[in-house]
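Structure, as structure tokens:
What follows draws every value from the coordinates through simple rules; no lab data is involved. Source: prediction; values computed, not measured. All Cβ positions, glycine included, derive from the backbone under ideal geometry; neighbour counts span all protein chains shown.
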């Protein structure tokens, strides 16, 4: 059963940055962990299980019922939970009624699910059940289908994906004598590419390359504002005043969270459609990966609370100046850029101290709040 503490950067991913660390309060007490650096301060030792999580981040509450038309597994879970609640959890079974329809089976629950606020509830003996109490319990129902999917794909498979990719590049066939590109298994390359986009999409900072912000600012807010001006209580909800702005922000957050959940669902349970499948297909057709490997004693790559991101880089060739950055361990970093060789042709390059620090500055620039490092001194890594 998924916990309330849901990590948006997988714990298994952070494992590569574990070392002997200490806290600022107890500098002499060493333990296995990661250094977390925030606001340019000295790094604080932390257990990787205790950072980069948010409560119920991927938990789909029943209030997001409106997304269920496109998320069949979530809808099915809610139907099952409502059936169990009504038929098995009270002193005698409860059923619903709406109009002339009696709701006792899973099929009937599914048929009238979107009308649930209009149901009346009765015990099996015909006595009226307390509607408000039952609806309150239904509103508290949660689906953990997204958290389960993240766990099944990344938490259980990341170490194998990482090791298979690095080993394949090291042992891959050169495209030509003297060239740094290596041909690897297409499946292994696709798994690493998929991991990048899954980390990109699962992050709370994710904005579908600016599309979500455009939807909110250019469509939803203007529509909301227009509706408020036609409302008798327009002064209360006018987004120009503080109270109205707070109301609008809360409403928009709910709408955008529902859209985000739908995108994450499509990522795992649909074969096409949505941001994830579209960008993966584009990357497969026109991108290549570069694996940067740190020279021995040249330093280490850092990561952050936003470990997979887009950046306009000057580190690689001019025609590859825009790319996707993905530190996969302190020793390795992947840069994904435009290319014609195919996603399974990986350019293997070695990174000196200057290159490592340039990438680390990019990672620092794109963090939300903090970075993760094997060093507790920010100046050592950027």
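Quick notes on this one:
- From helices alone, the chain scores -12000 deg cm²/dmol at 222 nm; the rule is -39500 (n - 2.57) for each run of n ≥ 4 DSSP H residues, then divide by the residue total.
- Residue among 171, 127, 203 with the largest mean-square fluctuation in a Gaussian network model of the chain, springs linking Cα atoms under 10 Å: 127
- For the range 45-88, taking the reciprocal of the average inverse distance between every pair of different Cα atoms yields a Kirkwood hydrodynamic radius of 12.8 Å.
- Each 5 Å bin, from zero up to the one with the longest distance, holds this percent of the alpha carbon pairs of the range 1-158: 1, 8, 14, 15, 12, 10, 8, 7, 7, 6, 5, 4, 2, 0, 0.
- If you run the Gaussian network model on the chain, springs between alpha carbon atoms under 10 Å, then out of 76, 180, 136 the most flexible one is 136.
- Reciprocal of mean inverse Cα separation for the range 70-143 (Kirkwood radius, Å): 12.4
- Comparing 56, 311, 112 in a Gaussian network model of the chain, where Cα atoms under 10 Å apart are tied by springs, the biggest mean-square fluctuation is seen for 112.
- Annotation for residue 124 and residue 157: the two label points, set 7 Å from Cα along the Cα-Cβ direction, are 4.4 nm apart.
- Helix 221-230 vs. the chain, principal-axis angle (Cα, 0 to 90°, nearest 10): 30
- Cα pair count fraction exceeding 16 Å, expressed as % - the range 5-55: 41
- Per-q log10 I(q)/I(0), the range 322-363, q = 0.23, 0.26, 0.32 Å⁻¹ (Debye; single scatterer per alpha-carbon; no solvent): -0.88, -1.06, -1.32
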